[in-house]
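Below is one structure, written out as structure tokens; the observations come after it.
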Amino acid sequence: MIFGFNTDVKHEDTVYHVQSEAREHDLLQTQVFVRGRCIGKRATSYAEQLKTGGVTDPQKEQMLRDQHRLVMDAVREGRLDDVFDKRDTPETLAAIKQLDLEWTNAESVHSDRNLVMRLRVTEAGAVVEGARLTVRFARPDAAPFYTQVLTDNAGTAEMNLEVEEAALSDASVLIQASYSGRTATRKFQLRRVEA
């Protein structure tokens, strides 16, 4: 299984979130987000390689890594339009039925040594019950912590982690939502909000 890659890349005054993952139908997809909105994507099919002898997971991972790097380099060089699939505009991307993962309480999540994250999974605007959320919580001074939760009938799930507030500024949370063969992966960088 390829979990995917998530990287924030800054060009001039804009931070671009580059997300790459293996999708169903023999597709490797890289999407670029600015402030949570998908501005374009690049997709590569490996269906032909499957017909002529198959593709191993390490080969798929390397292909995905190369595509991710190509898009990150394009961001840094200010030439994203050169690598995006031309047939997909932001408007047509919004119409594609896919999972969306939202952190609904991002402004207020830490209290009494607990990090509380409320998450919602939707597909084409409709809530998704029973989506599996795989969570990776990482800090520089400790081993990553993994957990899984399922969304309820409102498409929401709550996750509680015990963590000191001082550790939040260097921590990140990587979450993959999976449902009926579709996935969405998001990386959230935690930060301290001054009162």
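The values are calculated or read from the model by the stated rules, or taken from the named source; none is laboratory data. Being a predicted model, the structure only gives us computed values, none of them experimental. All Cβ positions, even for glycine, are placed from backbone atoms using ideal geometry, and neighbour counts span all protein chains on display.
Out of the residues in the stretch 169-182 meeting the condition of being in contact (Cβ under 8 Å) with a residue 24 or more places away in the chain and closer than 18 Å to V116 by Cα, tell me which one is surrounded by the most Cβ atoms within 10 Å (Cβ to Cβ). The qualifying residue surrounded by the most Cβ atoms within 10 Å (Cβ to Cβ) is A177. Going by the structure shown, is R186 under 25 Å from D26 (Cβ atoms) and either at pLDDT 85 or above or under 14 Å from the mean Cα position of the chain (by Cα) (or both)? It is true that R186 is under 25 Å from D26 (Cβ atoms) and either at pLDDT 85 or above or under 14 Å from the mean Cα position of the chain (by Cα) (or both).
Counting the residues of the stretch 130-172 that are assigned to a strand (DSSP E or B), at pLDDT below 90 and polar (S, T, N, Q) gives 5.
Inspect all residues belonging to the stretch 47-66 and state whether any of them is without any contact (Cβ under 8 Å) to a residue 24 or more places away in the chain, β-branched (V, I, T) and surrounded by 15 or more Cβ atoms within 10 Å (Cβ to Cβ).
From the stretch 47-66, those without any contact (Cβ under 8 Å) to a residue 24 or more places away in the chain are 47-49, 51-56, 58-59, 62, 66; that's our starting set.
Among the residues that remain, those that are also β-branched (V, I, T) are: 52, 55-56.
With surrounded by 15 or more Cβ atoms within 10 Å (Cβ to Cβ) added as a condition, the list becomes 55.
Yes: one or more hits.
Reported count of residues in the stretch 1-39, each being closer than 16 Å to D85 by Cα, out of contact with any Gly (no Cβ under 9 Å at 6 or more places or on another chain) and modelled with pLDDT of 85 or more, is 5.
Total residues in the stretch 110-133 satisfying the condition of being farther than 12 Å from E158 by Cα and either of a type in the set (V, I, T) or not assigned by TED's automatic domain parsing to the domain that holds A171 (or both): the figure is 3.
Scoring A171 on the criteria (1) over 13 Å from L101 (Cα atoms); (2) over 17 Å from the mean Cα position of the chain (by Cα) leaves a single failure, condition (2). Applying the condition of being among the hydroxyl-bearing types (S, T, Y) and surrounded by 15 or more Cβ atoms within 10 Å (Cβ to Cβ) to the stretch 113-168 and asking which residue is nearest to D100 (Cα to Cα) yields T122.
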